[in-house]
Structure formats: C-alpha cells, structure tokens
Amino acid sequence: MGRFERQIILPELGREGQQKLQSARVLVVGAGGLGCPALLYLAAAGVGSIGIADGDRVAISNLNRQVLFGLNDVGNPKASVAKHYINERYPDIQVEAYDRYFLAKDLVEILPGYDLLIDASDNFATRYMLNDAAALFEKPLVYGAVYKYEGQVALFCAGEGSANYRDLYPLMPEPGEVPGCAEAGVIGVLSGIIGTMQAAEAVKWITGIGKTLVNKVLFYNLAEQSFYDIGLTSSDEAQKRRPATTEAFLKTDYAFECVSGIDIGWNAAMLMAEQKPSVFIDIRELYEMPRWTNTECLEIPFSQLIQKKNSVFDSKSIFLFCQHGIRSQPAAVELRKVLKRDNVYSVTGGVKHPDSPVK
Amino acid sequence: MKTGFHTIKMFGILAEKTGQHVLTVPLMADTDQLTAWLFERYPQLEGIKFTLAVNKQLIHNNTPLDEGVEVALLPPYSGG
C-alpha cells in the first residue's frame, strides 16, 4: 500500500502526476487562516518542496481557523511552527520557513526558485505585491481571500493572456476602505474551505488535471452555501498599473498602509518603516532599561511628547513603544487625537516582546 | 419607455450594507445609470469600492444593459 496510492489510481493523475507533485516547488505566503489548510493538503498530496513565509507569531485568537497551531504554539513564529508540523509528519518533504514579512526584494530573490505561488496573505498591500511579482516572474499565483462568510479564489498569471488580480481590481483600496478579518471577523471553517480550494487549484495546475480557475474568479458564500464565478480578461489597464520591470517592482511603494488598527507588531512596524518616512518613539522614562541604540528612534517620555505636536514629526508614521505596550496604547490613542491623523501606532508588547529589537 | 427588469447580485460588504444578496431593479440603459440609481436608493453604498460583472463577465467601462441581464457588484476582500 503506497502513501499516494489513492490519488495515483486516478487515471488523470497517475504516477506521472504524482511525480510532478514530487518535483513541484510551491511558495505559500501567509501561514494563517488560508495558509494552514492549504499547507496541510499540499504536504499530504506529496508536494516535494514547500516554502512558507510569515512574519507573524501565533496568537490565541488565531486558533479558530489556523489549524496547524495549538495552544502550545502561542507566541512562536508561524512559518517555523508550520515547517515543524510538516517535517514531523512527512520528513521527506523539503520545507523552508521564512519567519518574516516578505518585501518586494524578498520576492525578487526567492520567488524565481519556486514553480507556483499561493497568496494566503491577509492585507491588500501584500496581495498587490504578490500579484505583481507573479506577473513579473511569470509564476502562476493561486489567490484566495475571505470576508466574514464569503470568499474568493482564482488562478492568476497562469501563462500567456492569463488575467491577474489587477484585472479584477486595478488599484489598491485606500487604508480602512475594506475591513480585514481582525475588524470584520471570520468564521474559521470558511478559511478552511477557501485555503483548501487554493490547494486544489495548485494540485490541478501542477498535475494538469481538470479545469483551473484561470481567467475566472470564484465567489463562495458559506452562509448561503452558494458559488458564483466571474469571467475575467487580461486588460491593458491592469498591464499599465503594475511594474513592468524588476527595478520598477522594487521601487513600487506597497506602503503597507493596510494596518488600520492602532496596534502593530514589531515586524510590521519595521517593515512599514522601511517603506515610508517613519519615526520610532520610546515613550518610557529615560532611566528605564534596556535602551534602543537606533538613530531612527527618539526618546521622548510621553508627558513631553504631547507638547511637541506636529512641529517635529511632519507627516511621518509614528510608532510609540514602551516597556510592555501598556502605556503606548493609550498614548497612541491620545497622540492620534492631538495630531488629528491616523498613522500613529502602538507597538504591541513593547521592548519586552520577543520580536523587539531592543535587547 | 423600456419595460422589464435586471437582477442585481451583491456580495460581501455591499450585501451587508443593503441587507440584500439579490435585488430586482427596473430596466436601466447602462451600468452607469444603474450604479447612480443604486447610490440614490442605497446612499450607504457611497464610497465602497467594487467592480461590476454583467452576465458573469467582468466589465471595465460603462456597458449597455439589455432586459434580463444579471449584474453582479463585487467588492474586494482582504482577509486571510
């Protein structure tokens, strides 16, 4: 009895299809609600090489849908935990964990080494960046996204004339225009269904079986248990909207503006700081240790900060941090009011957070 | 005066804001007229981003509407 016997006996798949799965290299960006179920089935199907990219750590509120993780994993990096899960069960699968949020430069470096990309991310900035990278490097992209009880799945950039995400939505929504899972909520099993459909599209594309969702977007509604598919064509407008060269891609400002809440993790804050003018402000008293020796970081106890107002910071994004993130949260709320703008954040967990660069 | 109707399917936040997944609307000349009509009837849709499909095919420009065609309003989803 072979491990893949039940799928090898499918005449459309066969030994040849299994060999294709074994040789395939799949990169999954996002090891969350969509990434977990997709990874489970890609690994079980025998995809030989899997990359997992996620800069986030497991939080307890992830567990309703991120089925690779358990209570013991809370606080650990998602990509590494997912790699460990797969390695333990299938030691013959080669798994690479990237415990960071990918930037354009990461994709330029890493995507060419893979055959297929899965967008299991949770924000528009990453979605547009992955789409543009897939179009640029001509890698098929299995797209999936969810909203409350509804989901979308598609296969983009799958060869000549194949439509991509910008054919559906040419431009990135403004920050806060569309709520994400954290604000809107999502039912766990929906992420499971959409992520599993993404794995199905990947397996179909790799083995050549069935009809893929190329030039289509499938809308799924869990509450109504209904499907609706839309035909797409590759358009000139989409072509114009995306960077045409690697240089242009690297210069594109994907501006991770989709952080709409006031709380931000260290990794996301550092990422945002690389993308746009930003300042970190240590609002602790000067005697509180350890200090951050970073030229980008100002040390202004909060009582003094409020009095400085606009003069010092122009329109820069401001990341406030303290010892544990307890003082910076209300401080960010207060500073948003004083400065009358939204790009002021509180860094979760402060300098004591495991991701903190302040040692 | 044209008679007849169109079926409008709404997804995501649009269905949520209108409380309807499906609407039947009087005959409209084209998609611009339809969206203007919808914004008037459902001012809560103003400012929400979406694209349109006519008979399950995505459109990028104003498109004439024949009797009986189905129009879908498709907002982007970001969640994962």
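The values are calculated or read from the model by the stated rules, or taken from the named source; none is laboratory data. Keep in mind the model is a prediction, meaning the values are calculated, not measured. Cβ placement follows ideal geometry from the backbone for every residue including glycine, while neighbour counts extend to all protein chains displayed. Side chains included, ligands, DNA and RNA excluded: accessible areas come from the protein's heavy atoms. Shrake-Rupley method; radii C 1.70, N 1.55, O 1.52, S 1.80 Å.
Go over the candidates B:Ala15, B:Ala36 one by one and state the one that is more than 10 Å from chain A (Cβ to nearest Cβ) and either assigned to a helix (DSSP H, G or I) or open to solvent by 30 Å² or more (accessible area, probe 1.4 Å) (or both). It would help to see each step written out before you state the result.
Values: B:Ala15 fails: more than 10 Å from chain A (Cβ to nearest Cβ).
Criteria check complete, one pass: B:Ala36.
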Original post:
Does at least one position in region A:72-87 carry a residue that is within 14 Å of chain B (Cβ to nearest Cβ), of a type in the set (Val, Ile, Thr) and open to solvent by 10 Å² or more (accessible area, probe 1.4 Å)?
Top reply: no
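Look at A:Ser234 and say whether it is of a type outside the set (A, V, I, L, M), out of contact with any strand residue (DSSP E or B) (no Cβ under 9 Å at 6 or more places or on another chain) and touching a residue at least 12 places away in the same chain (Cβ under 8 Å).
Values: of a type outside the set (A, V, I, L, M): yes; out of contact with any strand residue (DSSP E or B) (no Cβ under 9 Å at 6 or more places or on another chain): yes; touching a residue at least 12 places away in the same chain (Cβ under 8 Å): yes.
For A:Ser234, the condition - of a type outside the set (A, V, I, L, M), out of contact with any strand residue (DSSP E or B) (no Cβ under 9 Å at 6 or more places or on another chain) and touching a residue at least 12 places away in the same chain (Cβ under 8 Å) - is met.
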**OP:** Please indicate, with yes or no, whether at least one residue in region A:77-84 is within 30 Å of A:Tyr149 (Cβ to Cβ) and among the basic types (Lys, Arg).
**Re:** yes
Original post:
Regarding B:Gln20, is this residue open to solvent by 50 Å² or more (accessible area, probe 1.4 Å), touching a Gly at 6+ places or on another chain (Cβ under 9 Å) and within 14 Å of chain A (Cβ to nearest Cβ)?
Top reply: no
Subject >> Selection from region B:51-80 of residues that are assigned to a loop (DSSP other than H, G, I, E, B), under 17 Å from A:Ser234 (Cα atoms) and more than 7 Å from chain A (Cβ to nearest Cβ) >> reply: B:Asn61
Original post:
Of all residues in region A:36-58, how many are under 17 Å from the mean Cα position of the chain (by Cα) and either open to solvent by 10 Å² or more (accessible area, probe 1.4 Å) or within 9 Å of A:Ala199 (Cα to Cα) (or both)?
Top reply: 6
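Which helices (runs of 4 or more DSSP H) does region A:1-86 wholly contain that include 1 or more residues that are within 23 Å of A:Gly185 (Cα to Cα)? Lay out the reasoning, then the answer.
Details: elements: A:5-8, A:14-23, A:35-45.
In region A:1-86, A:35-45 are the helices (runs of 4 or more DSSP H) which contain 1 or more residues that are within 23 Å of A:Gly185 (Cα to Cα).
Looking only at region A:158-183, filter to residues that are over 26 Å from A:Asp263 (Cα atoms), assigned to a loop (DSSP other than H, G, I, E, B) and within 9 Å of another protein chain (Cβ to nearest Cβ); which one of those is modelled with the lowest pLDDT? Full working, then the answer.
First pass over region A:158-183, keeping only residues over 26 Å from A:Asp263 (Cα atoms): A:158-170.
Filter once more, keeping what is assigned to a loop (DSSP other than H, G, I, E, B): A:158-164, A:169-170.
Among the residues that remain, those that are also within 9 Å of another protein chain (Cβ to nearest Cβ) are: A:163, A:169-170.
On the way: A:Ala163: 96, A:Tyr169: 93, A:Pro170: 88.
Restricting to residues being over 26 Å from A:Asp263 (Cα atoms), assigned to a loop (DSSP other than H, G, I, E, B) and within 9 Å of another protein chain (Cβ to nearest Cβ), the top hit is A:Pro170.
With the requirement that a residue be open to solvent by less than 20 Å² (accessible area, probe 1.4 Å) and more than 9 Å from chain B (Cβ to nearest Cβ), what does region A:214-232 give you? Show your work before the answer.
So the first thing to find is which residues in region A:214-232 are open to solvent by less than 20 Å² (accessible area, probe 1.4 Å), and the list is A:217, A:219-221, A:228, A:230-232.
Of everything in region A:214-232, just one residue is open to solvent by less than 20 Å² (accessible area, probe 1.4 Å) and more than 9 Å from chain B (Cβ to nearest Cβ), namely A:Tyr220.
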**OP:** Check A:Phe313 against each of (1) buried (at least 18 other Cβ atoms within 10 Å of the Cβ); (2) modelled with pLDDT of 80 or more; (3) over 19 Å from A:Arg57 (Cβ atoms) and name the one condition it does not meet.
**Re:** (2)
